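Enquirer: This is the structure I want to talk about, given as structure tokens.
The numbers here are math on the coordinates, done by the rules we state, and not lab data. Here the structure is a predicted model, which is why all the values come from computation and not from measurement. Every residue, glycine among them, receives a Cβ derived from its backbone with ideal geometry; neighbour counts consider all protein chains shown.
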Amino acid sequence: MLNRFFQTAVARKIAVIKLFYLLWLIILFFFFQAASSVINQNSTDYKFWYPLAVNSGRLSLIFFIIVLLPGIFNRFRVRNKMLGLIRIFRRHLGITMFLLAAFHGLIVSLLPKIKSGPPFAINLFEIFGSFSLFLLFFLFITSNDFSEKFLKIWWYRLHRLVYLIMWLILFHTALQRLSLWSLLAGALVVAEITAIIYSHLKKS
């Protein structure tokens, strides 16, 4: 069944990519609707969009983990078709992750604070979240063939920011409370560190 799924996804790569485009349009539509509720101070609408924006952040963490899985398993010399499938659509998964994270951060925190004006009451976990979103923006705008060819070695160096971002996400989730999401973020950090150490030990 997995082989069939892999073959179908690869054979219909263009169709899958178009589905990603559709998903991005839906996320953007939701964002502008939610942003409108903030700007117009429509509390009724905002009460509808707020939980969706919170869950958007959780979903973005899942996408973030999925995007990093091939690299983690590759260091353990583990390869299979599911990881290969993630690699094929890794860029699209990463863009989806950013859009979900942006929807989360802007609607839950940044836009309401900007709208309310100073003085800004900012929690420490919000600082970590905002900084991670700021760094993710640079990965987002360079997630294309042109940027990769133009930046060359610097493209790879820039995208290593993902290792800093995973720590920022961990602090963003953990400083709020102990939850499934902070545990997932922590597990990702542990898995990534373990994989890097294992890879270095194997090389030496």
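Enquirer: Taking the convex hull of the alpha carbon atoms in the range 92-204, what volume per residue do you get, in Å³?
Expert: Per-residue hull volume (Cα only) is 135 Å³.
Enquirer: Give LYS47/LYS113; LYS81/LYS149; LYS13/LYS81 a once-over and call out the pairs whose C-alpha atoms are over 19 Å from each other.
Expert: LYS81/LYS149
Enquirer: If neighbour count is taken as other Cβ atoms inside 10 Å, put THR142, THR8, THR96 in order from fewest to most.
Expert: THR8, THR142, THR96
Enquirer: Compute the signed sum of charges (Lys and Arg +1, Asp and Glu -1) over the other residues within less than 15 Å, Cβ to Cβ, of PHE120.
Expert: For residues surrounding PHE120, the net value is +1.
Enquirer: For the chain, what value does the Rg/Rh ratio take when both radii are computed over Cα atoms and Rh is the Kirkwood radius, given to two decimals?
Expert: In the chain, Rg relative to Rh is 0.99.
Enquirer: I need two numbers for the range 115-154: Rg to one decimal and Dmax as a whole number, Cα atoms only, in Å.
Expert: 15.5, 44
Enquirer: Can you give the calculated 222 nm mean residue ellipticity of the chain, where each DSSP H run of n ≥ 4 adds -39,500 (n - 2.57) and the sum is split over every residue, rounded to the nearest 500 deg cm²/dmol?
Expert: Helix contribution divided over all residues of the chain: -27500 deg cm²/dmol.
Enquirer: If all Cα-Cα distances of the range 66-137 are sorted into 10 Å bins from 0 onward, what percent lands in each bin, rounded to whole numbers?
Expert: 18, 35, 24, 16, 7, 1
Enquirer: Using the 10 angstrom Cβ neighbour count as an exposure proxy, how do GLU192, GLU148 rank, fewest first?
Expert: GLU148, GLU192
Enquirer: Using a 10 Å cut-off around each Cβ, can you sort TYR163, TYR21, TYR50 from fewest to most neighbouring Cβ atoms?
Expert: Ascending number of Cβ neighbours within 10 Å: TYR21, TYR163, TYR50.
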